[in-house]
Amino acid sequence: TTAPLLAGVRLLLTAGPTREALDPVRFISNHSSGKMGYAIARAAREAGADVTLVSGPVALAAPQGVARVDVESALQMHQAVMNRVDECDLFIGCAAVADYRPAQVACQKIKKTGDNDQMVLTLVKNPDIIAEVGALPSKPFTVGFAAETVDVEQYALGKLQRKRLDMIAANDVSQSGQGFNADDNALTVFWQGGQATLPLADKLTLARHLVALIARHYRP
Ligand code: C5P
């Protein structure tokens, strides 16, 4: 018998959306379902990895044998990752982290007023979690995602370089039936000097192929 592909590898994985509070009852978020990240967590566990899943709010149960850490905001996800990144060998950023958050979180519910037909929200940039992981002096093998609607390859390669990733998996979210919230997805994976296309499949099948591809390129 052969050892599973990722036997003994400690994987830290982010998944799902983040929620950026405006006041006690409102937030800004996105349509990420967490399905791709949870499928990767399951596939990596099947491949023998020791998996910690830092998850934004989703309607999914943690896969068997996966340690889940629940967070809501990008700042909380950032903190949860930074607290654990030194103890991982492989980092996969699958979360749809909000790029910006409201500059101020109101303590009380923001009221509608009779004299204002417009309201201006000031947003500030969130930390780029995966870019910080990529910049660590002893960084884990780092895999990112890119959801693009145009010029998929060009943007993915730009992110690979800028965020110092080892691999990036790009999906074209302009194609209907794949990507955000869909059950199926297709990915083009890029690394320094190579690429591979993983054709349209259900997210668990795709995750298993992606895990195999990562295992082939993984260097501790
Ligand atoms: O730049 P963009 O958001 O498209 O990059 C996507 C990749 O970066 C994903 O791997 C995502 O999880 C990660 N990311 C992050 N922190 C952010 C924004 C994106 O880790 N604040």
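Only the coordinates and a few stated rules stand behind these numbers; no lab work does. Source: prediction; values computed, not measured. So basically every Cβ, Gly included, is an ideal-geometry build from the backbone, and we count neighbours across all protein chains shown.
Okay, here's what the table says:
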quantity: Value of D in µm² per second that Stokes-Einstein yields for region 88-191, Kirkwood Rh from Cα pairs, at 20 °C (1.002 mPa s); calculated: 132
quantity: For Q175, net neighbour charge (Lys/Arg +1, Asp/Glu -1) across residues whose Cβ lies under 12 Å away; calculated: -3
quantity: Alpha-carbon spread of the chain, three principal axes, descending order, Å; calculated: 72, 35, 33
quantity: Highest-fluctuation residue, G37, G65, G93 considered, GNM on the chain with Cα pairs under 10 Å; calculated: G65
quantity: Hull shadow area, averaged, region 67-131 [alpha-carbon convex hull, nm²]; calculated: 6.3
quantity: Rounded to whole Hz, the Karplus (6.51, -1.76, 1.60) HN-Hα couplings of region 165-175, x for glycine and proline; calculated: 8, 8, 8, 9, 9, 9, 10, 8, 7, 7, 6
quantity: Sorted peptide list for 167-175, 187-195, 140-148, criterion being average Cβ within 10 angstrom, highest first; calculated: 140-148, 167-175, 187-195
quantity: Acute angle (nearest 10 degrees) that the helix 74-84 long axis makes with the longest principal axis of the chain, alpha-carbon atoms; calculated: 40
quantity: Using θ = phi - 60° and Karplus 6.51 cos²θ - 1.76 cosθ + 1.60, couplings along region 143-150 (whole Hz; Gly, Pro as x); calculated: 10, x, 10, 9, 9, 10, 10, 9
quantity: Rounded tilt (10° steps) of 35-46 against the dominant C-alpha axis of the chain; calculated: 30
quantity: When each of K125/K163; K35/K125; K35/K111; K35/K112 is checked by Cα-Cα distance, pairs over 24 Å; calculated: K35/K125; K35/K111; K35/K112
quantity: For region 7-117: relative contact order, % (alpha-carbon pairs under 8 angstrom, 6 or more apart); calculated: 40
quantity: Local net charge near L187, Cβ-Cβ under 13 Å (Lys/Arg +1, Asp/Glu -1); calculated: -3
quantity: Cβ-based exposure ranking for S138, S73, in which fewest neighbours within 10 Å come first; calculated: S138, S73
quantity: For the chain: relative contact order, % (alpha-carbon pairs under 8 angstrom, 6 or more apart); calculated: 20
quantity: Normalised contact order of region 89-162, rounded percent, pairs of Cα under 8 Å and 6 or more residues apart; calculated: 41
quantity: Pairwise FRET efficiency - W191 versus A135, Cβ, R0 = 25 Å, nearest 0.05; calculated: 0.85
quantity: Helix-only mean residue ellipticity at 222 nm for the chain, each DSSP H run of n ≥ 4 adding -39500 (n - 2.57), per residue, nearest 500; calculated: -7500 deg cm²/dmol
quantity: Nearby aspartates and glutamates by direct alpha-carbon distance to K203 (threshold 16 angstrom, same-chain neighbours under 8 apart not counted); calculated: E46, D172, D183, D184
quantity: Net charge of Cβ neighbours under 15 Å - reference L11; Lys, Arg +1; Asp, Glu -1; calculated: +2
